[in-house]
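Report on the structure given below.
The values are calculated or read from the model by the stated rules, or taken from the named source; none is laboratory data. Everything quoted here is computed from the prediction, not taken from an experiment. Please note: Cβ atoms are built from the backbone with ideal geometry, for glycine as well, and neighbour counts cover all protein chains shown.
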């Protein structure tokens, strides 16, 4: 009996890449991964822990990492608060939700239509345009903050809702991943539909979109993260307080928390940080298998 | 009219394709192409946002190289130090972790992948709250309290305001959040490799895991390696604002954490010397281009 048990976990079957089950040779990997994963989780556990800490625990000496008497006080404080300019916190959160939803929907639409053209249509500039997009993968937006500001100013987009959405729509990584994924759909499927008289729009809507769901999930996550976590747009391009995002509000908390309201500030900042982080995590957990299947098409040749 | 019929023919043949591309192409042009071109053009001008840009040739670049002491003494060495450790370091770490994860069965692998990826989901503004508490300069800061308990330090250290520690903390924090989509792509790439390759190599007498990595794993997933490399480079330079986020000031204390991105912001938004800032931007873009070219050399598929 014991021998059998031992053989089960020490045979050749479960060695090497992508094993089916546990094997003794995997122990060393767990030994490396467990402490590392614990270390990497620390700051994230800390977000959860401090969001529920009552004030005396937030400022206890010596400091305690884990919360002892969890309370929702920080959250109720957060939502009963007004920003210094008189906008309720719920307004920032509302803005963030609307902006993120619109950005995700628009980004999926814009990138997937473009990917359809680059993957399945025939036209002269196809290779060139895809090459341009591939070069743009290395585009570092932060490097051109200033000319971007000038462009946005010229287009009269300053202080509008659209400035939150439009710049993010040009997402080279998104188009790249979608196009690569679409390449794996056999052309025969599309040719068959064309023979049946389907128009491009019908092919895109009825055939392509359902078949690229994993890639769409990936684009959705990437756009979500970019839009939801974005404080910069509000800082640079928005003057009207009621048009700014929750991420921006959080950034004001950390810069003023050193001032007079440090005691009140830290609790609500911790609660706000949790609200910022949690949606990212939940969405990724739900969509992770889709993301992984998209990533196997991500190669750059 | 021949011109019209050929236009109609072209529209019939290729019109739909351009139609599908149009919105993306427009956004791409407005928010990527134009800003890059504008940075390039502005870099040859003097521009203070009040008067029109005035052409001054290469003077911005000459000033940058010969007269900008901060740039040469702090910003450039800092950027290189930061980029070399976070870029290749983070990249190698991402590959090794992806490889280790690939040796595990699906459920623990997914769980660990989620844990390692989760820091890259956090946003700078949310994490600023955490870092400021963990590295707080007084004795209720977690790191200080921990080290004082162990007796390693006697007095609390101003971690984020100290020129001695700021850079190290910046590097650790950035590495912590560097397991992004490049990491996921490499993990997927390793899992895609045909297991028969390993069996064949084992039959040919290959015995060590390191040999496997260098002769089978990496060559079989060059495209993913390259994608990961590009993501690592972009991530590294994009992460440049971290010093200002941590220390709460631009310039950072004694320029200890000043990176090229902060230098651009310093000149562009604080001193309104847009032309000069644009020249620094161009230098930054060229650095990214150079490193991407380099990784292209390393991982280009032979075809």
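Would you mind stating whether residue B:210 is surrounded by fewer than 22 Cβ atoms within 10 Å (Cβ to Cβ) and within 24 Å of the chain's Cα centre (by Cα)?
Answer is no for this residue.
For segment A:223-259, which residues satisfy the criterion of being without any contact (Cβ under 8 Å) to a residue 60 or more places away in the chain, within 8 Å of chain B (Cβ to nearest Cβ) and in a helix (DSSP H, G or I)?
If the condition is that a residue be without any contact (Cβ under 8 Å) to a residue 60 or more places away in the chain, within 8 Å of chain B (Cβ to nearest Cβ) and in a helix (DSSP H, G or I), then A:225, A:250, A:251, A:253, A:254, A:255 are the ones that fit.
Report the residue count in segment A:150-171 for those that are in a helix (DSSP H, G or I) and either more than 10 Å from chain B (Cβ to nearest Cβ) or within 26 Å of residue A:137 (Cβ to Cβ) (or both).
Number of matching residues: 11.
Is one or more of the residues making up segment B:20-39 touching a helix residue (DSSP H, G or I) at 6+ places or on another chain (Cβ under 9 Å) and at pLDDT below 90?
Taking every residue of segment B:20-39 in turn, none turns out to be touching a helix residue (DSSP H, G or I) at 6+ places or on another chain (Cβ under 9 Å) and at pLDDT below 90.
Return a yes/no flag: does segment B:216-227 have any residue that is closer than 28 Å to residue B:137 by Cβ and under 21 Å from the mean Cα position of the chain (by Cα).
For segment B:216-227, residues closer than 28 Å to residue B:137 by Cβ and under 21 Å from the mean Cα position of the chain (by Cα): absent.
Could you tell me whether residue B:87 is over 29 Å from the mean Cα position of the chain (by Cα) and either over 30 Å from residue A:128 (Cα atoms) or within 14 Å of another protein chain (Cβ to nearest Cβ) (or both)?
No; evaluated as a whole, the condition is false for this residue.
For segment A:4-98, which fully contained helices (runs of 4 or more DSSP H) count at least 1 residues that are more than 9 Å from chain B (Cβ to nearest Cβ), at pLDDT 90 or above and more than 30 Å from residue B:201 (Cβ to Cβ)?
Result: A:27-51, A:73-80.
Spot the failing condition for residue A:64; the list is (1) surrounded by 14 or more Cβ atoms within 10 Å (Cβ to Cβ); (2) within 23 Å of residue A:228 (Cα to Cα), and only one is missed.
Result: residue A:64 passes all but (2).
Tell me, which helices (runs of 4 or more DSSP H) lie completely within segment B:225-303 with 3 or more residues that are touching a residue at least 40 places away in the same chain (Cβ under 8 Å) and within 21 Å of residue A:139 (Cβ to Cβ)?
B:260-265, B:274-299
If you check B:203, B:226, which single one turns out to be at pLDDT below 90 and either out of contact with any helix residue (DSSP H, G or I) (no Cβ under 8 Å at 6 or more places or on another chain) or facing chain A (nearest Cβ under 9 Å) (or both)?
Values: B:226 fails: at pLDDT below 90.
So the residue among B:203, B:226 that is at pLDDT below 90 and either out of contact with any helix residue (DSSP H, G or I) (no Cβ under 8 Å at 6 or more places or on another chain) or facing chain A (nearest Cβ under 9 Å) (or both) is B:203.
Being more than 7 Å from chain B (Cβ to nearest Cβ), assigned to a helix (DSSP H, G or I) and crowded, with 17+ Cβ neighbours inside 10 Å narrows it down to one residue among A:115, A:131; which is it?
Working: A:131 fails: crowded, with 17+ Cβ neighbours inside 10 Å.
One residue alone meets the criteria, A:115.
Would you confirm, using the coordinates I've provided, whether residue B:98 is touching a helix residue (DSSP H, G or I) at 6+ places or on another chain (Cβ under 6 Å), in contact (Cβ under 8 Å) with a residue 60 or more places away in the chain, closer than 23 Å to residue A:135 by Cβ and in a helix (DSSP H, G or I)? Don't jump to the end; show me each part of the working.
Numbers: touching a helix residue (DSSP H, G or I) at 6+ places or on another chain (Cβ under 6 Å): yes; in contact (Cβ under 8 Å) with a residue 60 or more places away in the chain: yes; closer than 23 Å to residue A:135 by Cβ: no; in a helix (DSSP H, G or I): yes.
So residue B:98 does not fit the description; no.
Of everything in segment B:104-116, what is more than 7 Å from chain A (Cβ to nearest Cβ) and surrounded by 19 or more Cβ atoms within 10 Å (Cβ to Cβ)? Give them in sequence order.
Listed by number, the residues that qualify are B:109, B:113.
Tell me the helices (runs of 4 or more DSSP H) entirely within segment B:159-207 that contain at least 1 residues that are farther than 27 Å from residue A:288 by Cα and out of contact with any strand residue (DSSP E or B) (no Cβ under 9 Å at 6 or more places or on another chain).
B:166-176, B:195-203
Being touching a helix residue (DSSP H, G or I) at 6+ places or on another chain (Cβ under 8 Å) and more than 30 Å from residue B:115 (Cα to Cα): is that true of residue A:195 here?
Considered against the rule, which asks whether it is touching a helix residue (DSSP H, G or I) at 6+ places or on another chain (Cβ under 8 Å) and more than 30 Å from residue B:115 (Cα to Cα), residue A:195 comes out as no.
Taking the condition surrounded by fewer than 20 Cβ atoms within 10 Å (Cβ to Cβ) and either outside the structural domain of residue A:205 (by TED's automatic domain parsing) or modelled with pLDDT under 95 (or both), does residue A:101 pass?
Spelling it out, it is not the case that residue A:101 is surrounded by fewer than 20 Cβ atoms within 10 Å (Cβ to Cβ) and either outside the structural domain of residue A:205 (by TED's automatic domain parsing) or modelled with pLDDT under 95 (or both).
Take segment B:208-223 and flag every residue that is outside any helix (DSSP H, G or I) and in contact with a helix residue (DSSP H, G or I) (Cβ under 8 Å, 6 or more places away or on another chain).
Initial filter on segment B:208-223 (outside any helix (DSSP H, G or I)): B:208, B:221.
The one that is outside any helix (DSSP H, G or I) and in contact with a helix residue (DSSP H, G or I) (Cβ under 8 Å, 6 or more places away or on another chain): B:221.
When you look at residue B:257, is it surrounded by 19 or more Cβ atoms within 10 Å (Cβ to Cβ), modelled with pLDDT under 90, touching a helix residue (DSSP H, G or I) at 6+ places or on another chain (Cβ under 6 Å) and more than 11 Å from chain A (Cβ to nearest Cβ), yes or no?
Judged against the criteria, residue B:257 is a match.
Report whether or not residue A:203 is modelled with pLDDT of 90 or more, more than 12 Å from chain B (Cβ to nearest Cβ) and touching a helix residue (DSSP H, G or I) at 6+ places or on another chain (Cβ under 9 Å). Reasoning before the result, please.
Working: modelled with pLDDT of 90 or more: yes; more than 12 Å from chain B (Cβ to nearest Cβ): no; touching a helix residue (DSSP H, G or I) at 6+ places or on another chain (Cβ under 9 Å): yes.
Here the answer is no, as residue A:203 does not meet what is asked.
I'd like to verify a number: residues in segment A:192-204 that are part of a helix (DSSP H, G or I) and surrounded by 11 or more Cβ atoms within 10 Å (Cβ to Cβ), how many?
Looking only at that region, the number is 8.
Has segment B:149-158 got at least one residue that is touching a helix residue (DSSP H, G or I) at 6+ places or on another chain (Cβ under 9 Å), at negative phi and in a helix (DSSP H, G or I)?
no
Within segment A:172-186, is there a residue that is within 9 Å of another protein chain (Cβ to nearest Cβ), under 18 Å from the mean Cα position of the chain (by Cα) and surrounded by fewer than 21 Cβ atoms within 10 Å (Cβ to Cβ)?
Pass one, segment A:172-186, residues within 9 Å of another protein chain (Cβ to nearest Cβ): A:172-173, A:175-177.
Keeping just the survivors that are under 18 Å from the mean Cα position of the chain (by Cα) gives A:172-173, A:175-177.
If we keep only those that are surrounded by fewer than 21 Cβ atoms within 10 Å (Cβ to Cβ) too, we end up with A:172.
The answer is yes, given that some residue of segment A:172-186 is within 9 Å of another protein chain (Cβ to nearest Cβ), under 18 Å from the mean Cα position of the chain (by Cα) and surrounded by fewer than 21 Cβ atoms within 10 Å (Cβ to Cβ).
Within segment B:138-158, is there a residue that is touching a residue at least 60 places away in the same chain (Cβ under 8 Å) and within 11 Å of chain A (Cβ to nearest Cβ)?
No, because not a single residue in segment B:138-158 is touching a residue at least 60 places away in the same chain (Cβ under 8 Å) and within 11 Å of chain A (Cβ to nearest Cβ).
Within segment A:265-285, does at least one residue satisfy the condition of being more than 20 Å from residue B:133 (Cβ to Cβ) and either outside any helix (DSSP H, G or I) or touching a strand residue (DSSP E or B) at 6+ places or on another chain (Cβ under 6 Å) (or both)?
Checked segment A:265-285: no residue is more than 20 Å from residue B:133 (Cβ to Cβ) and either outside any helix (DSSP H, G or I) or touching a strand residue (DSSP E or B) at 6+ places or on another chain (Cβ under 6 Å) (or both).
If I filter segment A:288-301 down to residues being assigned to a helix (DSSP H, G or I) and either crowded, with 19+ Cβ neighbours inside 10 Å or in contact with a strand residue (DSSP E or B) (Cβ under 7 Å, 6 or more places away or on another chain) (or both), which single residue comes out as nearest to the other protein chains (Cβ to nearest Cβ)?
Just the residues of segment A:288-301 that are assigned to a helix (DSSP H, G or I), to begin with: A:288-295.
Narrowing further to those that are either crowded, with 19+ Cβ neighbours inside 10 Å or in contact with a strand residue (DSSP E or B) (Cβ under 7 Å, 6 or more places away or on another chain) (or both): A:291-292, A:294-295.
Working: A:291: 6, A:292: 6, A:294: 8, A:295: 4 Å.
Only one residue fits best here, namely A:295.
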